[in-house]
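Undergrad: Dumping the structure here so I can ask a few things about it.
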Amino acid sequence: MKFTRVDIEENVNISDENPLKEFFVLGFKVLLVFASLYIFIGFALEVVLVNLSVEHEENIANFIWDFKEEKSLAESEKKVQKLIDKLSRNIPMNKRHFTVHLISDDNINAAALPGGHILVYSGLLKAIRSENELAFILAHEMGHIVHKDSIKSLSKGMALSAISMFLFGNDKSLNTLFNGSIESLQLKFSRDAENNADKFGLHLLNHTYGHSGGATNFFEKLAKDNKMPTFMYYLLTHPSPQSRINNINDEIKFNNFDLKTVKKIIFE
Amino acid sequence: MLELIINLIFLVTITLFGYCTGTFLEKRHYNSIKQREKLYYNLPVIQVKKLSSIDIDENDVISSELVTGCAVVAPDSFKSFTARFVNILGGRVTSYETLVDRARKEALLRLKKQACSADLIINTRIETSDLSSADTNGVAVLAYGTAIILK
C-alpha cells in the first residue's frame, strides 16, 4: 500500500456563515422567547391576583412583615391612624383595614405595602402644613393598596428574575442586562399607577371633606424645592411634581370639585 | 437606570473587542497553520495499528517512539456570547467550530514537529477535552502516536 498525500483546499470542519449576522439573528430569536415568556407569565399572574381575596392578602402580609412600633412616635401614630380611619370610612364597599406605621426618618416619603399597611416617614409629617395635605397623601397610598399596585409590580419583578435565570443560568451580566432593560418599561407602568392613585386620593379627599383644597399644596412645595430637570423624571418611578399638579388640577376641573381654603396645622 | 447603562456599555464593548481581536488572532493562527503544514507535507500521520497492514516489514524498523502534540485554544467573548444563545435555542454552535478545528490542527502539527526525523507516525489518536470553569473555558487537544524510523 502506498501512501499518497491528497491536499484538501477548503476546510470541511468550519461553517461558512458570517458570525456577526448569526449573532444578531440568534439574539433576536432569544429576545422573542424572552418577551413572550414575560408576557405570558405576567398575564397569568394578573389573572391570579385579581382573584386574591383581601383576607388572603392581609394574612400573607402579616406573615411576611413584623412592624415594630416606635415609642417616640406613638402619639403621632395614633393621630394619623384616626385620620386614616376617617378616610377609610368614606371608601365605598371597603372591606380592608388600613394600618399606619410611622418611621423615624428625615426623608419626606410615604409608602404602601400589601395588607393595608402604610408607612409614613417622620420627615413627611414635619413638612405637612394642613390636615388636608396629609389626608391627600394618605388617600393616595390607600389608592395604591386598593389597586394592588405593589403586589403587581413585586410579582412581575419576580417573574422577570425567574425567567432570566432560566434563560441565562447563573451568568450575572446577561441577567442584569435583561432585568434592567425591562425595568424602564416597568417605570411607565408605575407612573400610570401613580396617576391613578392620585385620582383615587383626590376623589376620596373630596368625598371626606366636601372639597379638594390642599391636594396640590404638598406637590407645589416639592416642585419649588426640587430643581431636577424634567427629563430626569422619565427615569424615576414617580411622575414629576409639576405633572402631578397638572393632572390633579385637570381632574378637579373635570369633576367640578370645590376648592376651599384649608386650616393650617402642624404635626409633630 | 445608570447601572443598566453601564452594564450595557461594558457588555457591548467587551463583545466588540472580543470580535475584533478574536477574528484577527484566528486568521493569523490559520495562516501559520497552513505554512507549517507545508513543511511536514511528506510525513504521514496515520492510525493503523500494525505495520503489516501497510506492507512494511517489522524488521525494517530501527526505532519507535511515543510522540505527542498538545494545544489549548480559548474562545473570545463574542464567541461565547453567541454560544449562550445557542444554548437556549439549540442548533450548531458554529462559533466554536473554528476553535476545535484549530486546536486539533495545531496539536497534530506539534506532534509532527516532535517527530520530525521519523518516517511515519502510526496509531495516531486525538483526544479532545474541555477546560471549563466558572470564568474561563477552552478546548485542550492532545494528539499522540508512535513515530517509526525505518532503515
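Undergrad: Kindly evaluate A:Lys188 against the criterion of being open to solvent by 50 Å² or more (accessible area, probe 1.4 Å), within 20 Å of the chain's Cα centre (by Cα) and at pLDDT below 65. Working first, answer last.
TA: Values: open to solvent by 50 Å² or more (accessible area, probe 1.4 Å): yes; within 20 Å of the chain's Cα centre (by Cα): yes; at pLDDT below 65: yes.
Taking the combined requirement at face value, the residue satisfies it.
Undergrad: I need the full set of residues from the range B:28-69 which are farther than 14 Å from B:Gln114 by Cα, within 26 Å of the chain's Cα centre (by Cα) and in a loop (DSSP other than H, G, I, E, B), in order please.
TA: Within the range B:28-69, B:Tyr41, B:Asn42, B:Ile46, B:Gln47, B:Val48, B:Lys49 meet the criteria.
Undergrad: Check B:Thr15, B:Thr82 and return the single one that is over 16 Å from the mean Cα position of the chain (by Cα), farther than 19 Å from B:Asp130 by Cβ and open to solvent by less than 40 Å² (accessible area, probe 1.4 Å). Talk me through it step by step, then tell me what you get.
TA: On the way: B:Thr82 fails: farther than 19 Å from B:Asp130 by Cβ.
The match here is B:Thr15.
Undergrad: Out of B:Ala103, B:Ala140, B:Ala107, B:Ala147, I need the residue that is outside any helix (DSSP H, G or I) and under 15 Å from the mean Cα position of the chain (by Cα). Which one?
TA: Working: B:Ala103 fails: outside any helix (DSSP H, G or I); B:Ala107 fails: outside any helix (DSSP H, G or I); B:Ala147 fails: under 15 Å from the mean Cα position of the chain (by Cα).
Of the residues listed, the single one that is outside any helix (DSSP H, G or I) and under 15 Å from the mean Cα position of the chain (by Cα) is B:Ala140.
Undergrad: If you go through the range A:25-62, how many residues are away from chain B (no Cβ under 14 Å) and surrounded by 13 or more Cβ atoms within 10 Å (Cβ to Cβ)?
TA: 13
Undergrad: Among the candidates B:Leu111, B:Leu99, B:Leu120, single out the residue that is open to solvent by less than 50 Å² (accessible area, probe 1.4 Å), under 30 Å from B:Thr15 (Cα atoms) and in contact (Cβ under 8 Å) with a residue 12 or more places away in the chain.
TA: Answer to the check: B:Leu99.
Undergrad: Take A:Ser76 and tell me if it is within 30 Å of B:Ala83 (Cβ to Cβ) and more than 20 Å from the chain's Cα centre (by Cα).
TA: no
Undergrad: Quick one: B:Ser63 ticks every box in (1) within 20 Å of A:Val12 (Cα to Cα); (2) touching a residue at least 40 places away in the same chain (Cβ under 8 Å); (3) hydroxyl-bearing (Ser, Thr, Tyr) bar one, so which box is it?
TA: Condition not satisfied by B:Ser63: (1).
Undergrad: Do the conditions hold for A:Leu160, that is, is it in contact with a strand residue (DSSP E or B) (Cβ under 7 Å, 6 or more places away or on another chain) and part of a helix (DSSP H, G or I)?
TA: no
Undergrad: Output the residue which, of all residues in the range B:25-78 that are among the polar types (S, T, N, Q) and more than 11 Å from every other protein chain (Cβ to nearest Cβ), is farthest from B:Thr13 (Cα to Cα).
TA: By that ranking, first place goes to B:Asn59.
Undergrad: When both residues are 6+ apart or on different chains and their Cβ atoms are under 9 Å apart, which pairs have a first residue that lies in the range B:42-59 and is within 16 Å of B:Leu108 (Cβ to Cβ), and a second that is among the acidic types (Asp, Glu)?
TA: Listed pairs, sorted by first residue: B:Leu43/B:Asp119; B:Pro44/B:Asp119.
Undergrad: From the list A:Ile108, A:Ile103, which residue is open to solvent by 40 Å² or more (accessible area, probe 1.4 Å), within 30 Å of A:Ser161 (Cβ to Cβ) and either over 20 Å from the mean Cα position of the chain (by Cα) or among the β-branched types (Val, Ile, Thr) (or both)?
TA: It is A:Ile103.
Undergrad: Given the criteria at pLDDT 75 or above, part of a helix (DSSP H, G or I) and open to solvent by less than 30 Å² (accessible area, probe 1.4 Å), does A:Ile182 qualify?
TA: No; evaluated as a whole, the condition is false for this residue.
Undergrad: Follow-up. Assess whether B:Val72 counts as being loosely packed, with under 15 Cβ neighbours inside 10 Å, modelled with pLDDT of 90 or more and either under 18 Å from the mean Cα position of the chain (by Cα) or within 22 Å of B:Ser133 (Cα to Cα) (or both).
TA: Considered against the rule, which asks whether it is loosely packed, with under 15 Cβ neighbours inside 10 Å, modelled with pLDDT of 90 or more and either under 18 Å from the mean Cα position of the chain (by Cα) or within 22 Å of B:Ser133 (Cα to Cα) (or both), B:Val72 comes out as yes.
The values are calculated or read from the model by the stated rules, or taken from the named source; none is laboratory data. Predicted, not measured: the structure shown is a model, and the values here were computed from it. Don't worry about glycine lacking a Cβ; one is built from the backbone with ideal geometry, like all the others, and counts go over all protein chains shown. Surface accessibility is based on the protein's heavy atoms, side chains included, excluding ligands, DNA and RNA. Shrake-Rupley method; radii C 1.70, N 1.55, O 1.52, S 1.80 Å.
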